[in-house]
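For reference, the structure is listed below as structure tokens.
The values are calculated or read from the model by the stated rules, or taken from the named source; none is laboratory data. Since the structure is predicted, the reported quantities are computational estimates derived from the model, not experimental observations. All Cβ positions, glycine included, derive from the backbone under ideal geometry; neighbour counts span all protein chains shown. Quick note on the areas: whole protein, heavy atoms, side chains included, nothing else; ligands and nucleic acids left out. Shrake-Rupley method; radii C 1.70, N 1.55, O 1.52, S 1.80 Å.
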Amino acid sequence: MNVPPIDLKNEYKRYGKRVSKRVEKVCASGMYVLGKEVAEFEERFARFTGAKHAVGVASCSDGLLLALMALGVGEGDEVIVPAFTFFSTASAAVRLGAKPVFVDIGPVDYGLKTDEVERKITARTKAVIPVHLYGNPCRIKDLRKITKPRGVHVVEDCAQAVGARVGKRHVGTFGDFGAFSFYPTKTMGAFGDAGIVATNSKKLAEKMKILRNHGESPRYHNKFLGVNSRLDEMQAAVLNVKLDFLSKDIEARKKIAKYYGRLFKEARLSEAVPPRERKGVTHAFHQYVIRAMNRDELLARLREKGIGANVYYPVPLHLQPCLDYLGYTEGDFLEAEEASRDTLALPIYATLKPAQQKFVVETIREFYRR
Ligand SMILES: *Cc1c(COP(=O)(O)O)cnc(C)c1O
């Protein structure tokens with residue numbers, strides 16, 4: 001049996017015809033940048049999340065960068081970010097000349113430790129970027145209680161968390177901005193790079209629209225120093241089709257996660273611990289990440305058996321070579337370092353079959369039984 005890490009080709013069969021038709025229409029329209037498809041997608045995505053506004057951008061990395069720009073982050077400012085996340089969470093701040101200040105993660109939700117955030121806020125702290133890693137909502141309400149009275153901005157990194165909720169409210173609607181990714185391997189992937197930024201502030205949404213388009217307002221009058229980071233019509237057309245499948249896909253992921261949970265319980269493994277969902281939140285299961293003893297050996301065994309497991313991420317951000325100058329060393333963030341050593345993402349996607357899940361967990365059980 002083969003269990004690929006992702007199954008985009010089979011997923012395409014479900015919506016391929018509709019995508020082709022819609023993209024063909026865009027091709028024939030002669031309108032390729034910031035047209036009807038983008039406007040429609042922005043409006044529908046805002047409705048999906050419950051945000052008042054959503055502004056399409058070229059990627060989530062750009063979305064994070066533009067969000068910090070819109071909030072005026074620059075030289076001399078500090079931006080608090082988790083030590084364990086994808087690189088662009090921190091690089092957004094570095095690119096603007098700000099200093100990323102790392103904070104450790106909680107071992108269950110992989111989100112920022114709020115008490116450590118509180119200790120690290122200084123007069124220079126301009127923003128915090130919490131991450132809802134793997135689709136697991138972080139403690140965003142507690143974080144807001146700390147940041148609000150201090151006038152610190154919050155930009156939520158929702159790249160992996162479309163569909164995740166705290167109570168009934170979607171992630172990405174708690175902070176000043178929430179940035180989402182439609183990179184092809186994400187829960188709702190475009191056919192190339194794409195992203196969107198949600199906000200409840202009309203003023204910030206307007207500024208974001210200007211910033212993504214060279215800072216022009218009106219045309220050829222540059223109000224701000226912006227960038228070229230627009231969502232294009234082709235990708236928006238793809239996303240307008242895929243948005244119809246999103247709720248069902250997320251439900252399918254949750255079901256798959258539940259079944260994995262049952263299989264792990266039955267396997268009674270102390271060496272491999274499945275993810276936990278905190279009370280009152282909805283984990284959207286972009287990734288199904290276990291904690292595993294002898295992780296690298298297990299990963300090699302799974303790959304040998306044709307199972308596409310992956311490690312997100314093997315090196316925490318405070319130990320990345322290009323951030324050496326910040327002066328962090330090993331031992332600074334124990335939870336982040338432990339997560340980089342023992343987390344393992346198992347295949348999860350809407351078309352994954354129960355028999356494939358059984359094979360994955362059985363292979364893990366056999367590995368530890370030797
Ligand atoms: C994928 C990802 C990003 C970047 O998204 P892009 O659209 O590829 O730029 C940022 N943060 C996290 C946590 C991610 O997983």
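One table, with the values for the structure above:
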read-out: Residue check for VAL79: aliphatic (A, V, I, L, M), free of Cβ contacts under 8 Å to residues at least 60 places away in the same chain and either closer than 30 Å to THR122 by Cβ or more than 16 Å from the ligand (Cβ to nearest atom) (or both); value: yes
read-out: Every pair of residues 6+ apart whose Cβ atoms lie under 7 Å, when the first sits in region 302-313 and is touching a residue at least 40 places away in the same chain (Cβ under 8 Å) and among the polar types (S, T, N, Q) while the second is surrounded by fewer than 16 Cβ atoms within 10 Å (Cβ to Cβ) and part of a loop (DSSP other than H, G, I, E, B); value: ASN310/PRO5
read-out: Pick from region 121-139, criterion among the β-branched types (Val, Ile, Thr) and in contact with a Leu (Cβ under 9 Å, 6 or more places away or on another chain), ranking: nearest to the ligand (Cβ to nearest atom); value: VAL131
read-out: Every residue from region 49-71 that is more than 14 Å from the ligand (Cβ to nearest atom), under 17 Å from the mean Cα position of the chain (by Cα), in a helix (DSSP H, G or I) and under 16 Å from ASN228 (Cβ atoms); value: none
read-out: Residue in region 5-22 that is within 16 Å of the ligand (Cβ to nearest atom) and outside any helix (DSSP H, G or I) present; value: yes
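Condition check ((1) more than 28 Å from ASP7 (Cβ to Cβ); (2) more than 24 Å from the chain's Cα centre (by Cα); (3) not in a helix (DSSP H, G or I)) across all residues:
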| residue | (1), (2), (3) |
| --- | --- |
| ALA284 | no, no, yes |
| LEU323 | yes, no, no |
| GLU330 | yes, yes, yes |
| GLU338 | yes, no, no |
| LEU352 | no, no, yes |
| GLN356 | no, yes, no |
| ARG365 | no, yes, no |
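Okay, residues lined up against (1) in contact (Cβ under 8 Å) with a residue 24 or more places away in the chain; (2) open to solvent by 50 Å² or more (accessible area, probe 1.4 Å); (3) among the β-branched types (Val, Ile, Thr):
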{"position": "GLY261", "(1), (2), (3)": "no, no, no"}
{"position": "ALA272", "(1), (2), (3)": "yes, no, no"}
{"position": "GLU277", "(1), (2), (3)": "yes, yes, no"}
{"position": "GLU330", "(1), (2), (3)": "no, yes, no"}
{"position": "SER340", "(1), (2), (3)": "yes, no, no"}
{"position": "VAL361", "(1), (2), (3)": "yes, no, yes"}
